[in-house]
1. Looking at 53, 75, 100, 22, which is the one that is free of Cβ contacts under 8 Å to residues at least 12 places away in the same chain, of a type outside the set (Lys, Arg), touching a helix residue (DSSP H, G or I) at 6+ places or on another chain (Cβ under 9 Å) and surrounded by fewer than 16 Cβ atoms within 10 Å (Cβ to Cβ)?
2. So residue 83 ticks every box in (1) more than 12 Å from the chain's Cα centre (by Cα); (2) assigned to a helix (DSSP H, G or I); (3) not polar (S, T, N, Q) but one. Which box is left unticked?
3. Quick check: is even one residue across the range 80-90 loosely packed, with under 15 Cβ neighbours inside 10 Å and of a type in the set (Phe, Trp, Tyr)?
4. Of the residues that sit in the range 18-65 and are of a type outside the set (Ser, Thr, Tyr) and outside any helix (DSSP H, G or I), which one is nearest to the chain's Cα centre (by Cα)?
5. What residue, among those in the range 66-80 that are of a type in the set (Val, Ile, Thr) and either touching a strand residue (DSSP E or B) at 6+ places or on another chain (Cβ under 9 Å) or part of a helix (DSSP H, G or I) (or both), is modelled with the lowest pLDDT?
6. I'd like the full set of residues that are exposed (fewer than 15 other Cβ atoms within 10 Å of the Cβ) and acidic (Asp, Glu), limited to the range 130-177.
7. Looking at the structure I just gave you, is residue 2 closer than 26 Å to residue 186 by Cα and surrounded by fewer than 17 Cβ atoms within 10 Å (Cβ to Cβ)?
8. Taking the range 173-182 as the region of interest, how many residues are under 15 Å from the mean Cα position of the chain (by Cα) and either at pLDDT 95 or above or over 14 Å from residue 143 (Cβ atoms) (or both)?
Amino acid sequence: MDITKFFNSILNEKKVQDFLKELKSYHKETYEHSLRVGFLSMLLGVKNNFSKENIKLLGYAGLLHDIGKLDISKEILNKKFKLTKAERKKIEEHSEKGFERLKNFKEIKEIVLRHHKYQINNYPKNCKANKKFCKLIQIVAIADMYDALSNDRSYKKAFDKKEVEKILKENFTGEKIYIEQVVGIGKDYEDNSNS
């Protein structure tokens with residue numbers, strides 16, 4: 001399977017383009033993060049021999065996992081310092097806001113709602129992991145965490161790969177094999193970009 005071609009086919013779908021275009025114009029950092037999470041989620045799906053249909057779901061969910069941030073103020077999204085409790089609460093609403101925005105994307109919205117379920121400080125609090133999508137949710141969760149740690153954000157610099165792995169081991173509550181896989185894929189990217 002040519003994963004780049006498969007990923008681009010999802011990106012070229014009008015329903016996805018519309019959401020991503022809006023996200024790009026609203027908050028470019030979140031847009032770029034979403035592209036990386038979508039692609040990384042699909043790579044992890046391939047690594048785990050998921051079906052083509054589930055790999056496609058991972059692409060959609062990874063691309064749209066933060067679409068609810070369209071409903072969070074830019075002031076909060078661009079803040080350079082630690083968020084207040086009230087601001088943190090607002091940020092944590094993005095999963096539910098994304099769920100609402102994706103009302104016509106039945107399976108994808110379930111993954112988007114729960115993509116923060118597999119971390120120590122998980123949210124939304126009263127949201128149980130959907131057994132049907134458990135592995136897919138974990139894949140998007142680990143891709144999201146990995147990318148957030150590995151790249152500069154408005155509020156922090158990127159961590160080095162050893163620190164990323166340490167933080168994931170301390171904070172990711174899903175299947176630990178996904179940590180090893182995402183770190184390996186990240187290392188492969190780094191090695192290829194340096195050659």
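1. Within the list 53, 75, 100, 22, the selection yields 75.
2. Condition not satisfied by residue 83: (2).
3. Scanning the range 80-90 turns up at least one residue that is loosely packed, with under 15 Cβ neighbours inside 10 Å and of a type in the set (Phe, Trp, Tyr).
4. If we take residues in the range 18-65 being of a type outside the set (Ser, Thr, Tyr) and outside any helix (DSSP H, G or I), then 65 is nearest to the chain's Cα centre (by Cα).
5. Among those residues, the one meeting the criterion is 76.
6. Hits for the range 130-177 are 152, 160, 163, 170.
7. yes
8. Summing the residues that are under 15 Å from the mean Cα position of the chain (by Cα) and either at pLDDT 95 or above or over 14 Å from residue 143 (Cβ atoms) (or both) in the range 173-182 gives 3.
The values are calculated or read from the model by the stated rules, or taken from the named source; none is laboratory data. On a predicted model such as this, the values are computed, not experimentally measured, just so you know. So basically every Cβ, Gly included, is an ideal-geometry build from the backbone, and we count neighbours across all protein chains shown.
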